[in-house]
Amino acid sequence: MPVFSFPIAFLALLAVPLLVAIYFLRNRAKERRVSSLLLWLDVRQRWDGGQQIHKLQTPLLFFLELLAILLLVMAAAKPLLRAGDAGKPLVIVLDDSFSMQAGGEDSSRNRAVAAIRSELRASRYDPVRLVLAGETPQLLGEATGNAEQAIKLLENWKCGAASAKLEDAVAFGFELGGNRARVLVVSDHAPVQQPTDSRLQWWAFGSALPNLAFTAATRSARGEEERVMLEITNLSAQPAMANLTIESDTSANPQVFSLAANEARRIVLTIKNSDSPLRAKLGQDDLPVDNEVVLMPEASKIVRVDLRLNDPKLRELVERALESSAQTRISSEKPELVITDKSEPQSSDADAWTLQLLNEAGASSYLGPFVVDRAHPLTDGLSLGGVVWGAASSQLAGTPIITAGNIALLTDIDRNGRHELRLRLRPELSTLHETPNWPILISNLIEWRADVAPGLRPANVVLGGIANVTVEPEVQSVSLLDPKNQRRELPVRDKVLAVNADTAGVYELRAGQARYSFAANAVSRDESDLSKTTSGKWGSWANATTLQWEYRSVVWVLLLLVLAVMVVHAWLIRQRDVH
């Protein structure tokens with residue numbers, strides 16, 4: 001069927017009744033034969049029209065004139081026909097944030113799926129690409145030539161992200177689909193501004209709902225105790241009652257309290273160190289995913305440090321600095337870090353890092369200014385203003401981290417992930433060890449080594465966050481069990497695996513003989529706030545630009561037909577006048 005880009009032109013069909021009226025109204029003049037017209041005072045040409053209603057006369061001229069009017073009206077309406085049978089390319093941007101789950105069976109996601117299914121079956125789109133809009137846009141899949149295949153891909157739309165950066169996803173969709181592709185955004189929020197691009201439509205399927213949610217949750221160790229912080233927010237315009245239950249491995253602690261409209265309340269607990277998860281739950285509402293949080297204990301990585309220091313002064317300085325860190329254990333058995341003052345600091349342990357302290361003769365005191373590589377992990381928090389640093393001026397191997405002019409004071413050599421550090425320090429000519437910079441420097445080294453040691457960090461992430469697992473060199477893959485009890489084997493590269501927590505709950509990992517667990521929680525005030533969700537449609541594809549891409553005008557065909565009809569009409573009139 002043709003598409004008319006200027007349908008208001010059909011108002012011109014009002015001329016058809018006028019044409020019919022002309023043929024209904026006829027003159028009553030009768031034909032008279034006379035011998036001469038010389039005696040007639042007023043000679044007038046005879047007209048077919050008149051003021052008297054007679055039986056409708058339908059000669060061929062009437063039908064030709066009627067056809068000409070119809071063709072001209074259709075031409076004025078600018079009819080367009082599809083250019084071939086190829087489908088229109090379509091990119092569907094799907095809001096993957098967890099607020100799309102609100103509403104249960106009548107959730108924004110389910111209503112969006114039904115609308116997309118109807119659209120794909122009603123119109124021909126080829127290909128159809130689905131883009132998930134989360135923290136970063138990603139392609140969910142592509143279907144060509146089959147609407148049911150595209151509908152099947154929607155089953156993988158889980159709505160588990162902590163946020164949806166729709167603008168980035170729309171830009172990605174336009175880049176993915178090309179200039180002629182249509183882009184459909186499906187969300188539960190209205191667009192920030194009315195779409196101005198003729199290729200973009202925005203559909204929203206949300207509804208404003210009250211919600212009581214966890215908006216923050218942390219668990220941290222402090223010596224022999226742990227500190228737990230929970231933030232509960234009433235995201236509605238009315239007061240609400242919060243039914244909070246905190247469950248540990250030994251007890252459950254229910255609480256009931258009132259929250260004013262839009263009030264956020266923080267609850268801080270101190271518990272004994274435990275290896276068990278802590279669960280906190282609220283009563284059920286329209287968005288269950290933010291009604292429960294699971295907090296796993298943050299495992300503190302212990303770094304085994306071997307002190308191979310002959311100089312008693314340097315040994316005392318290092319031991320005092322190590323006392324300020326709870327992540328160290330002095331041990332010569334499989335050390336992860338060797339601190340030495342030997343001239344040849346090579347270690348028999350293949351994975352051990354080394355810190356060589358150089359108490360060189362011929363040293364001088366330097367007051368700065370010191371040049372510090374702030375991108376390096378060892379320099380975090382260092383402030384060397386007013387520090388006196390005693391060091392020799394000879395060449396020092398490695399990449400400079402701290403220098404005094406062109407004199408290297410601290411260098412780093414990276415040997416495929418195993419670092420060899422060299423630090424110049426002559427205590428009697430320095431004040432570095434008398435300032436907080438000294439324990440900070442040693443603490444940075446311990447934390448840096450702990451970060452790359454086998455283990456998991458962090459144990460608690462926000463939904464959509466990343467948990468990093470560092471494994472032993474011989475481990476090639478990690479077995480992951482997600483909160484939906486689905487197990488996957490994930491390959492490991494360079495001893496590190498980044499796990500994207502796209503589902504709220506507890507994840508379990510097996511890396512060789514090691515076992516790790518971490519939790520992902522839906523704690524996001526912006527996504528839990530359902531008061532701003534809405535429904536509606538914005539933008540239109542039916543405009544001159546998109547129609548020009550997909551349709552061709554047939555106005556010229558109609559005008560040729562009108563010309564042909566008028567030629568025949570003129571020929572018939574001429575033939576009648578001749579006779």
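Any idea of the accessible area per residue across the chain, 1.4 Å probe, to the nearest Å²?
Working: 31480 Å² over 579 residues.
Normalised by residue count, the accessible surface of the chain is 54 Å².
Filter the GluC sites (Glu not before Pro) in the range 85-160 down to the DSSP loop ones having no more than 16 other Cβ atoms within 10 Å, then list what survives. Before the final figure, lay out each step's value.
Numbers: sites: Glu105, Glu119, Glu135, Glu142, Glu148, Glu155; in loops: Glu135.
Here no loop site has a sparse enough neighbourhood.
Projected onto the charge dipole of the chain (+1 at Lys/Arg Cβ, -1 at Asp/Glu Cβ, origin at the Cα centre), which of Phe6, Gly103, Asn211 gives the Cα projection farthest towards the positive end?
Towards the positive end, the residue furthest out is Phe6.
Which value at 222 nm does the chain reach when only helices count, each DSSP H run of 4 or more adding -39,500 (n - 2.57), with the total divided by all residues and rounded to the nearest 500 deg cm²/dmol?
-6500 deg cm²/dmol
Using DSSP to call loops (not H, G, I, E or B), can you name the trypsin sites (Lys or Arg not before Pro) in the range 318-402 whose Cβ has at most 11 other Cβ atoms within 10 angstrom? All intermediate terms of the calculation are to be shown ahead of the outcome.
Details: sites: Arg320, Arg329, Lys342, Arg374; in loops: Lys342, Arg374.
Within the range 318-402, the qualifying trypsin sites (Lys or Arg not before Pro) (loop, at most 11 other Cβ atoms within 10 Å) are Arg374.
Any chance you could give the angle, 0 to 90 degrees and rounded to 10, that helix 15-24 forms with the longest Cα principal axis of the chain?
It works out to around 10 degrees.
What is the spin-label model distance, in nm, from Ala252 to Val567 if the labels are put 7 Å beyond Cα along the C-beta direction?
Between Ala252 and Val567, the label points sit 9.1 nm apart.
Identify, among Thr411, Gln395, Leu429, the residue whose Cα sits farthest towards the positive end of the charge dipole of the range 350-450, taking +1 on the Cβ of Lys and Arg and -1 on the Cβ of Asp and Glu, with the dipole about the Cα centre.
Selected residue: Gln395.
Would you mind checking the tilt of helix 166-177 against the longest principal axis of the Cα atoms of the chain, expressed as 0 to 90 degrees and rounded to 10?
60 degrees
Within 10 Å, at most 11 other Cβ atoms, and a DSSP state outside H, G, I, E, B define an exposed site. Report the longest part of the chain free of exposed chymotrypsin sites (Phe, Trp or Tyr not before Pro). Provide the component values of the computation, followed by the final result.
Details: sites that count: Trp40, Trp47.
The reported range is 48-579.
Taking the Cα centre of the chain as the origin, how large is its charge dipole in debye, to the nearest 20, when only Lys and Arg (+1) and Asp and Glu (-1) carry charge on their Cβ atoms? Numbers along the way, then the final one.
Working: 61 positive and 66 negative charges, 794 e Å.
Taking the Cα centre of the chain as origin, the dipole is about 3820 debye.
Could you tell me what percent of the accessible area of the chain is made up of carbon and sulfur, with a 1.4 Å probe and every protein chain present?
On the way: 16560 of 31480 Å².
Carbon and sulfur: 53 percent of the exposed surface of the chain.
Which FRET efficiency value, to the nearest 0.05, is calculated for Val34 and Leu67 with the Förster distance at 45 angstrom and r the Cβ-Cβ distance? The partial results should precede the final answer.
Details: r = 39 Å, r/R0 = 0.87.
E between Val34 and Leu67, to the nearest 0.05, is 0.70.
Separation between the Ala171 and Asp414 pseudo-spin-labels, each 7 Å from Cα along Cα→Cβ, expressed in nm?
Label-label distance for Ala171 and Asp414, simple model: 2.8 nm.
Tell me which of Ala321, Gly362, Ala375 sits at the most positive position along the dipole axis of the range 289-381, charges placed on C-beta atoms (Lys, Arg +1; Asp, Glu -1).
It is Gly362, whose Cα lies furthest towards the positive end.
Just to be sure I understand the model, the point goes 7 Å from the Cα along the line to the Cβ. What's the resulting Lys342 to Ala375 distance in nm?
Between Lys342 and Ala375, the label points sit 3.4 nm apart.
Alpha carbon centre of the range 505-523 versus the range 275-326: separation in Å?
First find each Cα centre; the distance between them is then 16 Å.
Does anyone have the angle between helix 60-76 and the longest principal axis of the chain? Alpha-carbon axes, 0 to 90°, nearest 10?
Tilt relative to the chain: about 20 degrees.
What's the FRET efficiency of Ser383 with Ser540 using the Cβ-Cβ distance as r and R₀ = 35 Å, to the nearest 0.05? Present the calculation step by step, with values, prior to reporting the outcome.
Values: r = 59 Å, r/R0 = 1.69.
Approximately 0.05, to the nearest 0.05.
Per the Kirkwood treatment, what hydrodynamic radius in Å, one decimal, follows for the chain from the mean inverse distance over all distinct Cα pairs? Spell out each step's value before the answer.
Details: mean 1/r = 0.0316 Å⁻¹.
Kirkwood hydrodynamic radius for the chain: 31.6 Å.
For Arg315 and Leu559 in the same chain, what is the full-extension length gain: residue separation times 0.36 nm, less their Cα-Cα distance, in nm? All intermediate terms of the calculation are to be shown ahead of the outcome.
Values: separation 244, 0.36 × 244 = 87.84 nm, distance 10.02 nm.
Working it through step by step, the gained length comes to 77.8 nm.
On a full-extension model of 0.36 nm per residue, what is the gain between Ala122 and Lys484, subtracting their alpha-carbon distance, rounded to one decimal in nm? Intermediate results must be reported in sequence, preceding the final value.
Details: separation 362, 0.36 × 362 = 130.32 nm, distance 3.46 nm.
Taking Ala122 through Lys484 to full extension adds about 126.9 nm, to one decimal.
Compute, for the range 396-479, the length of the dipole vector about the Cα centre, with Cβ point charges of +1 (Lys, Arg) and -1 (Asp, Glu) only. Units Debye, rounded to 20.
I would put it at about 120 debye.
I need the peptides 457-465, 357-365 ranked by packing, meaning the mean over residues of other C-beta atoms within 10 angstrom, with the highest value on top. Don't skip to the end; give the middle numbers.
Details: 457-465: 19.8, 357-365: 15.2.
My ranking of the peptides, most packed first, is 457-465, 357-365.
Please get the size of the charge dipole for the range 445-579, origin at its Cα centre, with Cβ charges of +1 on Lys and Arg and -1 on Asp and Glu, quoted in debye to the nearest 20.
On the way: 15 positive and 14 negative charges, 107 e Å.
That gives the range 445-579 a dipole magnitude of about 520 debye.
If I take R0 = 35 Å and measure r between the Cβ atoms of Ala361 and Asp494 in this structure, what FRET efficiency does the formula 1/(1 + (r/R0)^6) give, to the nearest 0.05?
0.30
The values are calculated or read from the model by the stated rules, or taken from the named source; none is laboratory data. Only a predicted model underlies this, so the values are computations on that prediction, with no experimental measurement involved. In this analysis, Cβ positions are derived from the backbone assuming ideal geometry, glycine residues included, and neighbour counts consider all displayed protein chains. What goes into the accessible areas is simple: the full protein's heavy atoms, side chains included, and nothing from ligands, DNA or RNA. Shrake-Rupley method; radii C 1.70, N 1.55, O 1.52, S 1.80 Å.
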